[in-house]
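Nothing in this text is a laboratory measurement; each read-out follows from the coordinates by a stated rule. Since this is a predicted model, take the numbers as computed values, not measurements. Reconstructed Cβ throughout: ideal geometry from the backbone, glycine too, with neighbour counts over all protein chains shown.
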Amino acid sequence: MFNCSAPSPEFAVLPLQVPTAAAIEHFDVLLGAVVERLKRAVDAAREDATAFTTSSTPEQTLLRFQTTVVECSEALQQLQATQRYLRG
């Protein structure tokens, strides 16, 4: 079984950046993109888990999934920082 207890060092969270006008205008689109990316990651992991022939090991599948979740988490943090910035 997989060990999902603690992420490895390559999953370090990046510092938040100052939001831009483009990020403000496209807030809904960016949130939708994060949701879609997470859905696709789940679908890909599920497909790898149920496929009889796959070129990925379970560990590779888990690592790809973890990487996507961390990247999406970082994107959500950026969007949250933008929201706080807009509120003033």
Q | Charge sum, other residues only, whose C-beta stays under 14 Å from Glu47's C-beta, Lys/Arg counted +1 and Asp/Glu -1 | A | +2
Q) What nm distance separates the two modelled labels at Val35 and Leu86, each placed 7 Å from Cα along Cα→Cβ? A) 1.5
**Q.** Spacing of the two label points (7 Å from each Cα toward its C-beta) at Val42 and Leu63, in nm
**A.** 2.5
